[in-house]
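Here's the structure, in structure tokens; my notes come after.
The values are calculated or read from the model by the stated rules, or taken from the named source; none is laboratory data. Nothing here was measured: the structure is a model prediction, and the numbers come from that model. Glycine gets a Cβ as well: all are built from the backbone with ideal geometry, and neighbour counts include every protein chain shown. When the accessible area is computed, the model is the full protein with side chains, heavy atoms only, and any ligands, DNA or RNA have been set aside. Shrake-Rupley method; radii C 1.70, N 1.55, O 1.52, S 1.80 Å.
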Amino acid sequence: MKKMDSIGNDIIDLNFIDASRSRNQRFFSKFISESEQNLFERSGLSFEVFVWLLWSIKESVYKCQKRMLPGTLFSPLIMTVQELDACCDKKGMELNAECFEQDSAERCHWRASVSLGARNFYARSLTSSRFIFTTARLLDSSHNVYGGIKFINDSGYDNQHSEVRSFALQRFGQIFGRSEELIIEKNIAGIPFLFRNGSNTGVVLSFSHHYHFIAYSFTGNELFC
């Protein structure tokens with residue numbers, strides 16, 4: 001039997017975090033448990049980046065769960081990041097990064113496993129000097145996962161909203177053909193779906209945005225066959 005799939009993602013613009021607040025225990029203890037704090041020492045990250053990496057992982061897991069269970073509420077302390085390791089496998093997810101290239105040497109890849117109730121989730125993250133990008137899913141694999149990150153000048157909500165859809169639709173246009181009628185709509189729970197010529201494609205899709213960065217992730221399944 002084919003295992004259920006879902007996806008969620010998150011992007012953090014590191015130029016717009018409050019580093020001193022991020023190091024304040026009253027702040028980070030709202031979403032990071034004492035056991036998870038033990039993951040920090042061997043991460044090699046600054047503490048504020050570690051804090052926002054765990055936030056990004058948990059936000060992505062929440063979106064992944066919400067796609068399957070629309071009534072899910074964001075409760076980060078009931079999620080447990082059990083493992084967080086630097087990942088040598090920089091392949092897997094095909095990433096379209098229309099953003100800063102000068103920090104490419106500083107980018108690090110991470111793999112995390114997260115428990116939420118009876119389910120286990122698996123996250124892949126990319127950290128750089130400017131952003132944190134995470135994709136989470138139920139499968140412990142980045143095979144057939146595609147993503148995009150883009151820097152935008154106008155960080156207004158309406159522009160973020162339209163830019164991330166346009167960015168994803170450009171990629172889908174390459175897949176399906178630009179003559180196809182492709183639109184992205186959200187259901188009542190805020191879950192995005194891709195429609196092609198009026199029919200739901202079944203593509204498993206997630207969006208995120210934070211200040212000057214937007215991002216999408218989706219699973220390819222049989223799109224490229």
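Pairs please, first residue from segment 9-33 and closer than 14 Å to residue 133 by Cβ and in a strand (DSSP E or B), second anywhere and open to solvent by 80 Å² or more (accessible area, probe 1.4 Å) and of a type outside the set (A, V, I, L, M, F, W, C), Cβ atoms under 8 Å, 6+ apart in sequence or on different chains.
Listed pairs, sorted by first residue: 13/211.
Please specify each residue of segment 181-200 satisfying the condition of being open to solvent by 50 Å² or more (accessible area, probe 1.4 Å) and either assigned to a loop (DSSP other than H, G, I, E, B) or out of contact with any strand residue (DSSP E or B) (no Cβ under 9 Å at 6 or more places or on another chain) (or both).
Once the filter is applied, which keeps residues that are open to solvent by 50 Å² or more (accessible area, probe 1.4 Å) and either assigned to a loop (DSSP other than H, G, I, E, B) or out of contact with any strand residue (DSSP E or B) (no Cβ under 9 Å at 6 or more places or on another chain) (or both), segment 181-200 yields 181, 187, 188, 197, 198, 199.
State the number of residues belonging to segment 123-165 that are among the aliphatic types (A, V, I, L, M) and open to solvent by 40 Å² or more (accessible area, probe 1.4 Å).
Total satisfying the criteria: 1.
Are any of the residues in segment 53-62 without any contact (Cβ under 8 Å) to a residue 40 or more places away in the chain and farther than 16 Å from residue 137 by Cα?
Initially, segment 53-62 is screened for residues without any contact (Cβ under 8 Å) to a residue 40 or more places away in the chain, giving 54.
Filter again for farther than 16 Å from residue 137 by Cα, leaving none.
Checking segment 53-62: not a single residue is without any contact (Cβ under 8 Å) to a residue 40 or more places away in the chain and farther than 16 Å from residue 137 by Cα.
Looking at (1) charged (D, E, K, R); (2) at pLDDT 95 or above; (3) part of a loop (DSSP other than H, G, I, E, B), which one does residue 178 not meet, given that it meets all the others?
For residue 178, the failing item is (2).
Sort out which residues of segment 196-211 are of a type in the set (Phe, Trp, Tyr) and more than 22 Å from residue 59 (Cα to Cα), and write them in order of number.
none
What strands (runs of 3 or more DSSP E), lying completely within segment 42-135, carry at least 3 residues that are at pLDDT 95 or above?
Details: elements: 79-86, 94-98, 108-116, 119-127.
Ranges flagged: 79-86, 108-116, 119-127.
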